[in-house]
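Please read the structure below before turning to the comments.
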Amino acid sequence: MLYLFGFHRIGVVLSDLYFVDPNPNPGQEGAERGVRLEVRLLEQPAHEGTIYASRPIVIDQPVWRADLLESVSGPPGSFDRTHHHPGMRGWEPGSRKFEPDLSSDPLGWLAQRLSDLDGLLTEAGLDSAAVDPRDASDLRRAVPEIVDCARRLLDGVHAGELAAPPTEAVAAARVGWL
């Protein structure tokens, strides 16, 4: 499942995710499941057609990512693999950054981080002038709804309804929109 919240130049996308890294770091072996959330740049390409024609929407490069993941072999709700990527290099994430507050209260931590778009952009190495001045306030107002979507996705993952593994055994996998 994929959710998109679009503002002016910033969007927030979130989806369930099942992941197996073929070359995991020590202590990160085994399948992971959970929810991935990204803050991304949005673009509206030139409109063609009549005033009634659908408009193209480009969900472009990520600037920040949070992975509310846990090992599949552990109990639901452990959040033992929960981390974030403060900066992205194009489409590639930087190193995983684990924080105690993120694992102990992932949704509270997420709400706090999304409420500070300027801080996220600074941490990602972007100038807030790259986005519309209304993005920060509009995102702040939408944080409760975004967190509610993340909660519903996590509930579906924990119930075994979302973030399902591939049907065959694999050495590497990424199942989900993000």
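A short reminder: the numbers here are calculations on the coordinates, not readings from a lab. Quick caveat, the model's predicted, so the values are computed rather than measured. Counting neighbours? That spans all protein chains shown, and the Cβs are built from the backbone with ideal geometry, glycine included.
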Distance from region 127-168 to region 15-59 (C-alpha centre basis), Å
11 Å
Computed E for Q112/N23 - FRET, C-beta separation, R0 30 angstrom, nearest 0.05
0.40
Taking other Cβ within 10 Å of each residue's Cβ, how do M88, M1 sort, fewest first?
M1, M88
For the chain, what is the convex hull (Cα atoms) projected area averaged across all directions, in square nanometres?
11.6 nm²
Can you tell me how much longer the chain between T122 and A53 gets when fully stretched, taken as 0.36 nm per residue apart minus their C-alpha distance, in nm with one decimal?
21.2 nm
What value, in deg cm²/dmol to 500, does the helix sum -39500 (n - 2.57) over DSSP H runs of n ≥ 4 give at 222 nm once divided by the residues of the chain?
-8000 deg cm²/dmol
Going fewest to most other Cβ atoms within 10 Å around each Cβ, I146, I59, I51 line up as I51, I59, I146
The chain, relative contact order [Cα under 8 Å, separation at least 6], %:
27 percent
Ranking of W64, W91, W177, W109 by count of other Cβ atoms within 10 Å, fewest first
W91, W177, W109, W64
